[in-house]
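In what follows, a structure is listed as C-alpha cells, so that the remarks can point back to it.
The values are calculated or read from the model by the stated rules, or taken from the named source; none is laboratory data. Worth saying up front: this structure is predicted, and the values here are computed from it rather than measured. For neighbour counting, all protein chains shown are included, and Cβ atoms are generated from backbone atoms with ideal geometry for every residue, glycine included. These area figures cover heavy atoms from the full protein model, side chains too; ligands, DNA and RNA do not enter into them. Shrake-Rupley method; radii C 1.70, N 1.55, O 1.52, S 1.80 Å.
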Amino acid sequence: MNLKEQFWNRRDVFGTSNSRDGYRKVIFLFIAFLFVILFRTFLLERIIIEGSSMYPTLKNEDVCFVWKVNKKPIRYEIVTANVSGKIVVKRVVGVPGDELSVREGTVYINGCPVSQEYDFITEEPGVLSGGYVVRKDEYFLLGDNRAESNDSRVYGAVSLKQIKGVVVVRIYPLTQIAMYSLRRSYAEGSK
C-alpha cells in the first residue's frame, strides 16, 4: 500500500474514518439547512397565535402552519396578512366584487347573510355601516371574535400583496389538531 492509500484509508485517534467524511457531513448539513430555510421562506411557516381575535376558532398561543405558495384565498379561509408592519390572523369574508354590510349584528355578503358556520355577532360595523364594496385584488378580513378584533372594519380591505399565506392546520395544543384550509371541502365556490 502506498503512502497516498494509507492516508485516505487511515482512521484517526477516535476511530472515525478520514477527513473526507467530515467534509461530506458538513456539506450534507449545509444542504439540509439550506433546504429548511428555503422551505420555510417559500412554502410553509409556523406561527403562534397572539390574542383572542380569532376565538373560538383559534386561541391565544395556538400553533399553526401557514401555506405560502398559493396566497390567493377563497371566502372563509383563515389567512395571515401584513397590516401596518404587523402580521395579523383573520378570516376572509369579502372577496373582490363583494358588497358587504352589517344589519342587526349579522354580516351580509351581496345581500345574503354570512354562512351560519361563520356568523359571529358583529356589534361594531365600522366601514360596513353604509355598505362596502371590495375592490379588485382586495380582501375583507374579519376576526371570529368580532368584539375583540381589530380587522378590516377598522383598516379597510387588504390587498393580495399584503396576504402572506393561508392557515392550513393547527398543530398545538395536540388535543385540538385541526385542518383549516377549505380548498378541498369548499363546495359553495368563492363568490
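State whether one or more residues within the stretch 163-185 are touching a Gly at 6+ places or on another chain (Cβ under 7 Å) and either not in a loop (DSSP other than H, G, I, E, B) or not aliphatic (A, V, I, L, M) (or both). Looking for residues that are touching a Gly at 6+ places or on another chain (Cβ under 7 Å) and either not in a loop (DSSP other than H, G, I, E, B) or not aliphatic (A, V, I, L, M) (or both), one finds none in the stretch 163-185, hence no.
Could you please let me know if Ala147 is among the small types (Gly, Ala, Ser), more than 17 Å from Lys71 (Cα to Cα), at pLDDT below 90 and surrounded by 13 or more Cβ atoms within 10 Å (Cβ to Cβ)? For Ala147, the condition - among the small types (Gly, Ala, Ser), more than 17 Å from Lys71 (Cα to Cα), at pLDDT below 90 and surrounded by 13 or more Cβ atoms within 10 Å (Cβ to Cβ) - is met. Take Val134 and decide whether it is within 29 Å of Phe42 (Cα to Cα), under 16 Å from the mean Cα position of the chain (by Cα) and buried (at least 20 other Cβ atoms within 10 Å of the Cβ). When the stated conditions are applied, Val134 does not pass them. Val88 passes all but one of (1) open to solvent by 10 Å² or more (accessible area, probe 1.4 Å); (2) of a type in the set (Val, Ile, Thr); (3) over 22 Å from Lys136 (Cβ atoms); (4) touching a residue at least 24 places away in the same chain (Cβ under 8 Å); which number fails? Just one mismatch for Val88, condition (3). When you look at Ser101, is it assigned to a loop (DSSP other than H, G, I, E, B), at pLDDT 90 or above and among the small types (Gly, Ala, Ser), yes or no? The answer is no for Ser101. Within the stretch 24-49, the set of residues being over 26 Å from the mean Cα position of the chain (by Cα) and of a type in the set (Lys, Arg) comprises Arg24, Lys25. Kindly check whether there is at least one residue in the stretch 36-45 that is in contact with a strand residue (DSSP E or B) (Cβ under 7 Å, 6 or more places away or on another chain) and not small (Gly, Ala, Ser). The answer is yes; a qualifying residue exists.
Within the stretch 104-131, can you find the residues that are closer than 26 Å to Val168 by Cα, part of a loop (DSSP other than H, G, I, E, B) and open to solvent by less than 40 Å² (accessible area, probe 1.4 Å)? Listed by number, the residues that qualify are Val114, Ser115, Thr122.
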